[in-house]
1. Any chance the stretch B:329-338 includes a residue that's touching a residue at least 40 places away in the same chain (Cβ under 8 Å) and either under 24 Å from the mean Cα position of the chain (by Cα) or crowded, with 22+ Cβ neighbours inside 10 Å (or both)?
2. Any idea how many residues of the stretch A:63-91 are more than 9 Å from chain B (Cβ to nearest Cβ), touching a strand residue (DSSP E or B) at 6+ places or on another chain (Cβ under 8 Å) and surrounded by 18 or more Cβ atoms within 10 Å (Cβ to Cβ)?
3. Please indicate, with yes or no, whether at least one residue in the stretch B:248-266 is among the charged types (D, E, K, R), free of Cβ contacts under 8 Å to residues at least 24 places away in the same chain, over 28 Å from residue A:78 (Cα atoms) and open to solvent by 20 Å² or more (accessible area, probe 1.4 Å).
4. Counting just the residues of the stretch B:82-110 that are away from every other protein chain (no Cβ under 13 Å) and hydrophobic (A, V, I, L, M, F, W, C), which one comes out most open to solvent (accessible area, probe 1.4 Å)?
5. Six or more apart or on different chains, Cβ atoms under 9 Å: show the pairs whose first residue is in the stretch B:310-326 and facing chain A (nearest Cβ under 9 Å) and whose second is of a type in the set (Lys, Arg) and assigned to a strand (DSSP E or B).
6. Specify the residue that is farthest from residue A:26 (Cα to Cα); the eligible residues are those in the stretch A:104-125 that are open to solvent by 50 Å² or more (accessible area, probe 1.4 Å) and small (Gly, Ala, Ser).
7. On the basis of being under 30 Å from residue B:22 (Cα atoms) and within 10 Å of another protein chain (Cβ to nearest Cβ), does residue B:72 make the cut?
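The values are calculated or read from the model by the stated rules, or taken from the named source; none is laboratory data. None of these values were measured; they are calculated from a predicted model. Because the Cβ atoms are built from the backbone with ideal geometry, glycine has one as well, and the counts that use them run over all protein chains shown. Heavy atoms of the whole protein, side chains included, go into the accessibility calculation; ligands, DNA and RNA do not. Shrake-Rupley method; radii C 1.70, N 1.55, O 1.52, S 1.80 Å.
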Amino acid sequence: MQFRKELFSLLALLVVPQLCFAEVAIIVHPSNDISLTPDKVSRIFLGKDKSFPGGKKAVPINQKDAQSVTKEFNQKVIGKSSSQIRAYWSKIVFTGKGSPPKEVTSDAEVLNLISSDPNLIGYIDASKVSGGVKVIGKY
Amino acid sequence: MKTVRFAAPLLISLASFNVFSAELNLSGFGTLAFGSVIDGDGYIAEYPNLGVYEDDYDFGQETRLGLQGTAVFNDEISGTVQLMTRANNDFDIEVEWLYVTYQYSSDANIQAGRMRMPVYYYSDFMDVGFAFPWVRIPADTYSLDVTNFNGIKSNWNFSTGSTDMGLSIYLGKEDNPSDELMSYLFESFTSNIDREFEDIIGVVFDLSYQNFIFRTTFTQADMIEQQALLFDPFAATVEYDIEFIDYFFQYSFENGISLMTEYNEYDPFYKSYFASVVYQKDAWQYYFFWSQFDLDLPFEKHDTTGIGFRYDIGDGVALKADLSSMNDEGFIPVDGGPNIPNPVYHADDDGDGDVMVLTLALDFVF
C-alpha cells in the first residue's frame, strides 16, 4: 500500500506541472507605493535584500511547496526548482545566516496577512486577487 | 522504501514554538550512508572524525544526525545550538555549536561562543549532505583536524546591485586533546597526540555575482602539539606557527552545468585541492570530481577520482550514489635503497593504498 502511495505521488509530480497555467500575482499592502523587477522580488524571497527600494523593511510570505502557485512562483520568478531552493535554504539555515520566509498554506492566508501589514510581500494565484491588496506584477 | 517512509513525516519545514517570550526555531539534517570497499583494503572517507570504510556494506562511518535550535529573543539577540550524533563516534551526542548572535544592524552582526572554523567554502555546512551534490565533500581536500573553535566572529554584508559581498573576522582558540586523526596518522611513533590552537585569527571574504561565486579565507594560529612518544618516557612538545589560506570558485551555466574548484595551502604542512563538474536536470544531478592531498614531505600524497548522482526524491530528501577511486602515492624515502610505500590507510595488505569504494546515501533536512 505504502509503495503504491509513493508511486502515486511520483506520478502526480510528473503530471501536475503540465496542468498549471495560472498566473502568479505579486502582491503588497495598498499603501506600499513601490515597483519591483522580478530580480528584486527574487532577492527579497531569497533573503538577499531585506528592504524595499527606499529603505522600508520587506518581509516575504511564502506558500508551502505543495501549493501549485509556489511551483509557478519558484519557476517563473526565482528561476529555481523547489528542491534547489530547499538546498539553498539548508545552506543558509545551518550556517546560522538566516531563516527562510514564513510559510502559509493558502492564497486566502496570504491575502489576509498582506492586507493588514505594509511590510509584507507575497504571491498568490492571480485569479484570487481581492480589493485589500495591490498587485505589483504578474508572471 | 522504508527509509522514505521514515523521512516523510519529517518534511515539516521549520517548526516554531514560543518558549516564554523567545521564539524557538528548530531544524535538523541527517545522512544515512552505506559504504562498501569493492577493491583494495580501506578508504578514509571522512578525515576530521576518522570515518574509514574497510569492509562490505558499512553503515557506521558517515551516518549522522544534527539538530539545530535558534532562540530568537528579539530583533537583535538570538542564541543557537547545534547538537550532532555521528555513527563513527559511537552516536555520542555532541554540542557542535553554541553561540549567541547580536544583530546590531541589518547588515552586520557579532557572534560569540562555539562555532565552525569557516576555513573552507563548505565548512559551515559540510555535515549537511542535502546542501551539496556529492555523497561527501571531496575528502582529500576537507581533511583539517580542527573543525570548530571557541571565540568571537564579526560579520558584515554589502550589496551593490546584484553583487553580494561578505566579510568576517574571527578570533579564538581550540583544544583538541587526543586528536583522533593525528593519533591515527602518526601511530607508528606515538600513542597519542594532543593539539592546542592558540591565538587563532582569521578573515573570510566572499563575493557572488549572478551565477559566479568566489570565496577566500586566511587563518593563522599558534599550534602546540604534545606527542606521547612510544620509545621515550617523556612527551615531546612541538610548537608551530600555522597559516591556512583557501580559495573557492564556482560558476553555474544556464544549461544546468556547474563548475567548482577549491585550493588550499596549510603552511608548513600541505596543499590540497579539488575540482568538480555537476550537471543538473530536473530532480537529477550527475557529478564528476577529482581531489588531491599533497603533504610537503613525501610521506602522504593521495588523490581521488569519483563519479556519482543525486536524485531529489521529494522536498527535503535526496538519494545519492558515489563511486570513488583513490590512488595513494605516499612513501618513506630510504637513503640508497628503494622507498617504502606509506599508504594513508595503515592496515593495507599490499601496501599500495589504492582503493575503490561504492557509497549510497540518503540525505534529509527538516
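1. no
2. 6
3. yes
4. Going through the qualifying residues, I end up with B:93.
5. Taking only residues 6 or more apart or on different chains, the pairs are B:318/B:310.
6. A:116
7. yes
Okay, residues lined up against (1) outside any strand (DSSP E or B); (2) of a type outside the set (A, V, I, L, M); (3) more than 14 Å from every other protein chain (Cβ to nearest Cβ):
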| position | (1), (2), (3) |
| --- | --- |
| B:206 | no, yes, no |
| B:215 | no, yes, no |
| B:244 | no, yes, yes |
| B:247 | no, yes, yes |
| B:255 | yes, yes, no |
| B:273 | no, yes, yes |
| B:285 | no, yes, no |
| B:293 | no, yes, yes |
